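Peer 1: Once you've had a glance at the structure underneath, I'll fire off some questions.
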Amino acid sequence: MNEPSQDFERLQSLNTVGTISYVLHLIVAVGALIPGGQFGPVLLIAALILDLVKRPDAEGTWHASHFRWRIRTVVIAAVLYAATVPLWFLFIFPGWLAWCAISIWFLYRILTGLMRMNKGLPMEFSA
């Protein structure tokens with residue numbers, strides 16, 4: 001059985017990892033909305049790898065829902081961005097609108113997760 005100090009240290013460590021991941025995601029989300037600011041793929045991949053590697057450490061804690069939230073957000077955004085690729089080749093303006101809509105949704109998810117994590121709350125939403 002874990003001692004209270006070990007549980008506290010575990011939660012602190014998960015909070016640190018979560019903060020780093022959310023900040024990386026936030027940089028990517030903001031960069032996606034700035035023309036010429038699409039420097040995020042490397043940061044996004046780093047955040048995703050961090051989440052995938054550290055996710056097992058969060059099992060049984062409220063942090064597990066945040067790992068699930070961040071991973072799902074990246075996967076869903078990647079699918080949506082990929083689905084808009086034909087729009088960029090056929091019609092530039094609709095492609096740009098779709099990109100902005102997905103980026104705003106991504107930013108919303110990251111800010112929602114970060115605020116809930118900072119309050120010590122799990123993510124209660126599906127998807």
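Laboratory data are not the source of any read-out in this text; all were calculated from the coordinates shown. Only a predicted model underlies this, so the values are computations on that prediction, with no experimental measurement involved. Glycine also receives a Cβ, built like all others from the backbone with ideal geometry; neighbour counts cover every protein chain displayed.
Peer 1: Quick one: among 32, 82, 58, which has the greatest mean-square fluctuation in a GNM of the chain with alpha-carbon springs under 10 angstrom?
Peer 2: Between 32, 82, 58, it is 82 that shows the largest mean-square fluctuation.
Peer 1: Expressed as an acute angle from 0 to 90° and rounded to the nearest 10, what is the orientation of the C-alpha long axis of helix 41-54 relative to the principal long axis of the chain?
Peer 2: 30
Peer 1: What's the magnitude of the charge dipole for the chain around its Cα centre, counting Lys and Arg as +1 and Asp and Glu as -1 at the beta-carbon? Answer in Debye, nearest 20.
Peer 2: It works out to roughly 300 debye.
Peer 1: Report, by chain and number, residues whose modeled amide H sits under 5 Å from the one on residue 123, excluding near sequence neighbours (fewer than 5 apart, same chain).
Peer 2: Long-range HN contacts for residue 123: 65, 66.
Peer 1: Given axes a ≥ b ≥ c from the Cα gyration tensor, I'd like to know whether the stretch 77-127 is rounded (a/c under 1.5), prolate (a/b larger than b/c) or oblate.
Peer 2: Verdict is prolate for the stretch 77-127.
Peer 1: Hey, another quick one. Under the rule a/c < 1.5 gives rounded, and otherwise a/b versus b/c splits prolate from oblate, where does the stretch 22-73 land using the Cα gyration tensor?
Peer 2: prolate
Peer 1: Mind checking which of 27, 76, 90 is farthest towards the positive end of the chain's charge dipole, using Cβ charges of +1 (Lys, Arg) and -1 (Asp, Glu) about the Cα centre?
Peer 2: 90
Peer 1: Dividing the alpha-carbon Rg of the stretch 4-118 by 2.2 N^0.38 Å yields what?
Peer 2: 1.17
Peer 1: Report the chymotrypsin sites (Phe, Trp or Tyr not before Pro) located in the stretch 95-127 that are in a DSSP loop and have at most 16 other Cβ atoms inside 10 Å of their Cβ, or state none.
Peer 2: The qualifying sites are 125.
Peer 1: Can you give me the angle between helix 63-90 and the longest principal axis of the chain, using Cα atoms only, in degrees from 0 to 90, rounded to the nearest 10?
Peer 2: 10
Peer 1: To the nearest 10 degrees, how steep is helix 4-33 against the longest Cα principal axis of the chain, on a 0 to 90 scale?
Peer 2: 10
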